[in-house]
Amino acid sequence: MKRTGFVLLMMALLCCMPAQAQLGGLINKGKKAVDKAKEAKEKVDEEIKKANGDVDFYYMDAHRGFYRARTKQIVFDDLHKEGKRSGKNVVYTIEKNGDVTFDDGRKVGEVLDGGIVNCHATAPYLTLAANGDVMMDGEAIGHIGDDGNVTLEGMSIGKAQGIDKQVAAYIYFGILFDKQGIATARAKIIEEKQRLEQERKQAEEARLKAAQEAEAKRKAESANQPKSSNQASGKKSNNSSTKKVQEWTIEKNGSRGYVDANGVVYNSSHKKIGQLPKGSGDIKDGSGSTIGRISGGDIYVRGNKVCTVTSGGSISVPGSNATVAEVHAGGRIDMKQNSKTLGYCDARPYEWAAAIIFCDIFRF
């Protein structure tokens, strides 16, 4: 009886297996069909996007919308919460005469020749300069780079690559911000920069203090040691006549190091990692191998010219005389386009600072 029950159970299972296999096949086919339909839709959407000239823009790292070049519309991800357009995207349109109209038909601004942008019932509100600077009330408060990077007081606030710079100026400084918002944001950025600069100075002062204390301790220990026969006879040792070489601090990407007046480069543990030439000559790594060269303001890395440094600290790259970075007072090296600080090194000549920070030849 038991055996009969077992046989019946096995027969039932064998009968079910083909149906289950068919069901699994149907599910897989369904999934593939959905995936293909999704891919087809994405391709269609991409083609529509290209045809309309749609370009995305971001605030910080968040997607905020796109600019449709074909119709000159700024379409935000934000949706209307009430009214006739409830549930629809917020849209601004730049008319042929330069007027900017909201999606309810109201004129809310102007984008005019000469980089002029008017909005918030203020004219002139801002002007986009030829170099990408955003001018407001007589000063540059932001910048829009050729790569679409948008900065406020030197800090990146968004990306609008491929969007007309004047339109980008209107989006970021006329819609996402008004004058009061810009003033508040600038104050916070300046405060943060000052805080970081103060921390840097305090760290440098602490380093100098520690170095002075270590030197004082070394001298005290040396004074308490018994005099050698040479010292007893009035002869000076070679070490006692050695003067301490001036050093400058290197700071880049959170790393620290040093370079002294002889061009010797050290890491944070004061281990030698390189040698810079006095004047024109080879740049060497810690083992003495040549890794670059300085020649009359030009810096070469492994045979390739990477930049030129002027006597005033301006840095340019091959193919253009335009300044791409500058060595400022205190050894701060900033990119010209977006004011991004690359690092600090107050060494002289400026070629040393450029080789260490801009070229990053010693990999800080």
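Note on the chain: helix-only mean residue ellipticity at 222 nm, from DSSP H runs of 4+ residues weighted -39500 (n - 2.57) and normalised by residue number, equals -10500 deg cm²/dmol.
Using C-alpha pairs below 8 Å separated by at least 6 residues, the relative contact order for the chain is 7 percent.
In this structure segment 281-364 gives 46 Å² per residue of accessible area when probed at 1.4 Å with all protein chains present.
Against the chain, whose longest principal axis is taken from its Cα atoms, helix 2-52 shows a tilt of about 70°. Overall, the accessible surface of the chain at a probe of 1.4 angstrom is composed of carbon and sulfur to the extent of 52 percent. With respect to the cross-link table entries 49/84; 38/165; 188/252; 41/81, which display a Cα-Cα separation exceeding 32 Å? Long pairs (Cα-Cα over 32 Å): 38/165. State, as an integer percentage, the relative contact order of segment 107-186 based on alpha-carbon contacts under 8 Å between residues 6 or more apart. With pairs under 8 Å counted, the relative contact order is 19 percent.
Once you order the gyration tensor axes a ≥ b ≥ c over the Cα atoms, which shape class does segment 87-230 get: rounded for a/c under 1.5, otherwise prolate or oblate by comparing a/b with b/c? Verdict is prolate for segment 87-230.
Once you've got the Cα coordinates, tell me which of 193/340; 271/340; 179/336; 159/305; 244/271 are over 19 Å apart. Among 193/340; 271/340; 179/336; 159/305; 244/271, the Cα-Cα distance tops 19 Å for 271/340; 179/336; 159/305.
The label point for residue 147 and the one for residue 209, both projected 7 Å from the Cα toward the Cβ, are 3.9 nm apart.
What net charge do the residues around residue 203 carry, taking every other residue with its C-beta under 12 Å from that of residue 203, with Lys and Arg at +1 and Asp and Glu at -1?
Numbers: positive: 200, 201, 207, 209, 256; negative: 197, 199, 204, 205, 251.
Once all neighbours under 12 Å are counted, the net charge is 0.
Shape verdict for segment 57-160, please, from the Cα gyration tensor: rounded (a/c under 1.5), prolate (a/b greater than b/c) or oblate.
Because a/c hits 1.5 or more and a/b fails to exceed b/c, segment 57-160 counts as oblate.
Note on segment 90-125 and segment 299-319: Cα centroid distance 43 Å, given to the nearest whole angstrom. For the chain, find the longest principal axis of its Cα atoms and tell me its angle to the long axis of helix 179-224, 0 to 90°, nearest 10. With both axes taken from Cα atoms, the answer is about 30 degrees. Over segment 60-190, with the other protein chains present, what is the accessible area per residue in square angstrom, probe 1.4 angstrom? Heavy-atom accessible area per residue stands at 51 Å². An ellipsoid equivalent to the chain, defined through the eigenvalues of its Cα gyration tensor, has semi-axes of 58, 40, 21 Å when rounded to whole angstrom and sorted largest first.
The values are calculated or read from the model by the stated rules, or taken from the named source; none is laboratory data. This one's a predicted model, so the numbers in the text were calculated from it and none came from an experiment. Glycine also receives a Cβ, built like all others from the backbone with ideal geometry; neighbour counts cover every protein chain displayed. Remember, those area values only see protein heavy atoms, side chains included, never the ligands or the DNA or RNA. Shrake-Rupley method; radii C 1.70, N 1.55, O 1.52, S 1.80 Å.
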